[in-house]
Amino acid sequence: EKLRLLAERIKSHSSAAVAGSGSARDQFDLGVGFMQRRNYDQAEATFRDFLRSYPNDAKAPEARYWLGESLYQRRKYTDAADSFFTIYKEAPQSSKAPESMLKLGMSLNGMGKKEEACATIAEAGRKYARIKAQSDRELKRISC
């Protein structure tokens, strides 16, 4: 119910008008809800607002990951790569760091930088055992 009300407020106002409305957790959950519904434009706006309002929140690295994913899904590879790299650089111990490194490589591939993409994806698989299988599949998919 709370998410529905926040979503209605976003529809009726610009996303800037609702920045900071509700708690950090409410705003984060709203962004995830937009991702689940594949509403990537609203997800991007919500996560950008979250990161502006709560830059030091424990969920900030995860919010940045979902921001990157909302961009990646719309083929905004350069912006997505920037978001994923920021996690790798600023929050290497975060729970989303492995997926962020993998998605950084995938974004580089989307940008046409195959050599860098292959190197990044391979390194992600070496560095993070839990995404090794994903890394191997992606390396094969893009013919590294």
With (1) within 30 Å of Gly22 (Cα to Cα); (2) of a type in the set (Ser, Thr, Tyr); (3) over 15 Å from the mean Cα position of the chain (by Cα) as the list, and Ser143 as the residue in question, which single condition is left unmet?
(1)
Here are some conditions: (1) part of a loop (DSSP other than H, G, I, E, B); (2) in contact with an Asp or Glu (Cβ under 7 Å, 6 or more places away or on another chain). Tyr65 meets all but one. Which one does it not meet?
(1)
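Yes or no, residue by residue, for (1) crowded, with 20+ Cβ neighbours inside 10 Å; (2) modelled with pLDDT under 90:
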site	(1), (2)
Arg9	no, yes
Phe47	yes, no
Ala60	yes, no
Tyr65	yes, no
Ser83	yes, no
Thr86	no, no
Ala91	no, no
Ser107	yes, no
Gly112	no, no
Can you report the number of residues in the range 43-69 which are among the small types (Gly, Ala, Ser) and within 14 Å of Ile87 (Cβ to Cβ)?
4
Does the range 78-95 include one or more residues that are charged (D, E, K, R) and closer than 20 Å to Arg126 by Cβ?
yes
May I ask you to verify whether Thr120 is β-branched (Val, Ile, Thr) and farther than 22 Å from Val32 by Cβ?
yes
One residue is enough: does the range 46-55 have a residue meeting the conditions under 12 Å from the mean Cα position of the chain (by Cα), among the aliphatic types (A, V, I, L, M) and closer than 19 Å to Phe34 by Cβ?
yes
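The values are calculated or read from the model by the stated rules, or taken from the named source; none is laboratory data. In this text the structure is predicted, and so the values were computed from the model without any measurement. All Cβ positions, even for glycine, are placed from backbone atoms using ideal geometry, and neighbour counts span all protein chains on display.
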